[in-house]
1. Would you be able to tell me the number of residues in the range 116-153 that are assigned to a loop (DSSP other than H, G, I, E, B) and closer than 18 Å to V82 by Cβ?
2. Among the listed residues T269, T241, identify the single one that is surrounded by 14 or more Cβ atoms within 10 Å (Cβ to Cβ), within 29 Å of the chain's Cα centre (by Cα) and modelled with pLDDT under 90.
3. Restricting to the range 306-320, name every residue that is surrounded by 13 or more Cβ atoms within 10 Å (Cβ to Cβ) and either polar (S, T, N, Q) or touching an Asp or Glu at 6+ places or on another chain (Cβ under 9 Å) (or both).
4. Within the group G93, G125, G118, which residue is on the phi > 0 side of the Ramachandran plot and in contact with a Ser or Thr (Cβ under 7 Å, 6 or more places away or on another chain)?
5. Of the residues R363, R344, only one is basic (K, R), in contact with a strand residue (DSSP E or B) (Cβ under 6 Å, 6 or more places away or on another chain) and closer than 24 Å to C330 by Cα; which?
6. Pull out all pairs, ordered by first then second residue, where Cβ-Cβ is under 6 Å, the residues are six or more apart or on different chains, the first lies in the range 160-184 and is under 26 Å from C144 (Cβ atoms), and the second is surrounded by 14 or more Cβ atoms within 10 Å (Cβ to Cβ) and acidic (D, E).
7. I need the full set of residues from the range 57-90 which are surrounded by 17 or more Cβ atoms within 10 Å (Cβ to Cβ) and either at pLDDT below 75 or in contact with an Asp or Glu (Cβ under 9 Å, 6 or more places away or on another chain) (or both), in order please.
8. Please work out which one of (1) part of a loop (DSSP other than H, G, I, E, B); (2) out of contact with any strand residue (DSSP E or B) (no Cβ under 7 Å at 6 or more places or on another chain) is the condition G387 fails and give its number.
Amino acid sequence: MRSGLPACVLRAGLVLVPGVFAACSPVVVCPSGSVEVDGVCRKLCNSNQDCDRKQRCVDGFCEPCSDGDCPVACTPSCGQRVCGDDGCGGSCGNCPEGQICNTNLGTCGVTCTPECTGRQCGDDGCGGSCGTCSGSDVCQDGQCTCVPNCTGRQCGDDGCGGSCGTCTDGTVCQTSNGQCVTSCTPDCTGKVCGDNGCGGSCGTCSGTDVCQNGQCVCQRNCQGRQCGDDGCGGSCGTCSTASCLVCSGGSCVSACSGSEVCYNSNCCTPSCTACRTSSVSDGCGGTCAANCSGVCNGSTCCTPNCPACRTSSVSDGCGGTCAANCSGVCNGSTCCTPNCPTCRTSSVSDGCGGTCSANCSTRCDGNTCCVPGCPACRTSSVSDGCGGTCAANCNT
C-alpha cells in the first residue's frame, strides 16, 4: 500500500481499489435482469410493464417515480389476438389442442412460421429463438444491447466502447481497473490482445476473431440466419419442433413433405373417406366436409328409392330395405283391398284392377247360387224357388 494512504482493512464482501484514497468498495452481486451501477443494482427494462409498482422505465432502467409521475395501470389489449401476450404480462388465450400460437401475430394454427427478420436474439414468434447474446450483452427488442458499466471506475472503457471519464492533474488512466494514477506500468500477463492496462496494446487478433478479456475469440456470424451454427460452435437460434420445423441452410423449414401437415408436433397425412354424409375428422386436426346428401353404399353416394306401394319388403337400391306398407294389393302406387260379390254368374271387377271370376252357373239369389225349379204344368204363375217366376202354361 502506498505511503500516506490509510490502511484498508479487507473483510468479506470488500475489495481494495488500488491508487485511490480510502478505497474500500463493497462487492455488489445483482440478480438476473439487473446490473450494478455505482454500487447499486438497477433493473433493466424495455417498457414500464417490466418495472415494479412505483417505478417507470427510463433509458433502459427502472427508476422510482411519484404518484403523479408514475405510469397509469397497464390495460390489457388483445384486439384480434386469440393467444400470446396481452401487453401487460397476461395472456390473450390458449390455442386448441393440436395448434400452436404465433406469439408475434397472436394467431393459432397447425403450423407457425418463425420471423427473425431484423432480430439478433429473443423469441422467433413460434417458441424458437432468433439467437442469444454473447458476453454481458442483453437482449432488448430483438437486439443484443451492451449495458455500460462504470461501477467503481473513474476512467477508461465502460464496456460498450464509451468512456467512464478522463484523468486530470497529471494523472493517467490505469485502464485495467479504471482508476486515475500518477504512473502506470503496462501489464500483458496472460493476454494476447487488447489494452495493456495503460492505454497501450497487448496485440491484435487475426481474421474475424475479436478480442475479449485479453483473448482472441471467434466472432459469431448469424447475419441472415435463423438457426444453426454461428461459426464459433454456438447457435444462431433453434427451430420450433412444435411447428415441425427443422434447420436447413440456416433457415427454419418444414419437415413435412407433399400433402403432410404438422399436427401435435408430428408430420401427418390427412385422410378422408370417399363418401361422407357428415363432416368427419381428417386425422390431422382438420375436417373432411360432407359430400353425400343420400346414403353411402361403400364408397359410392346413393339415393334410396322405394316404390310408393309395397306388399312385401324390397331393396332400396342402396344396400338397404323398403319395408312392406300394404296388406292388400297395389293398384299402381295405391294400396287397395279387393272386393268380390259372394255370388257371381260371370266375371266382375274386384275394384283393384283385378277380376272376380264367375262361381255360379245358374242364378244368384242374393248371395246364394240357386237352381230354378218350375212344375211341368202350371195353370198360373208360380215361384221358381230362386226369386224368379214360372209362368202358367195350362189353361184347363
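1. Of the residues in the range 116-153, the ones assigned to a loop (DSSP other than H, G, I, E, B) are 116-122, 124-128, 130-137, 141-142, 146-153.
In the following step, the residues that additionally are closer than 18 Å to V82 by Cβ were identified as 125-127.
Number of matching residues: 3.
2. Result: T241 is the single residue among T269, T241 that is surrounded by 14 or more Cβ atoms within 10 Å (Cβ to Cβ), within 29 Å of the chain's Cα centre (by Cα) and modelled with pLDDT under 90.
3. Answer for the range 306-320, where residues must be surrounded by 13 or more Cβ atoms within 10 Å (Cβ to Cβ) and either polar (S, T, N, Q) or touching an Asp or Glu at 6+ places or on another chain (Cβ under 9 Å) (or both): C306, T311.
4. Details: G93 fails: in contact with a Ser or Thr (Cβ under 7 Å, 6 or more places away or on another chain); G118 fails: in contact with a Ser or Thr (Cβ under 7 Å, 6 or more places away or on another chain).
That would be G125, the only listed residue that is on the phi > 0 side of the Ramachandran plot and in contact with a Ser or Thr (Cβ under 7 Å, 6 or more places away or on another chain).
5. Working: R363 fails: closer than 24 Å to C330 by Cα.
Only one candidate qualifies: R344.
6. Partner pairs satisfying both residue conditions: C164/D158; T175/D195.
7. C57, C62
8. Failing condition for G387: (2).
The values are calculated or read from the model by the stated rules, or taken from the named source; none is laboratory data. Quick caveat, the model's predicted, so the values are computed rather than measured. Reconstructed Cβ throughout: ideal geometry from the backbone, glycine too, with neighbour counts over all protein chains shown.
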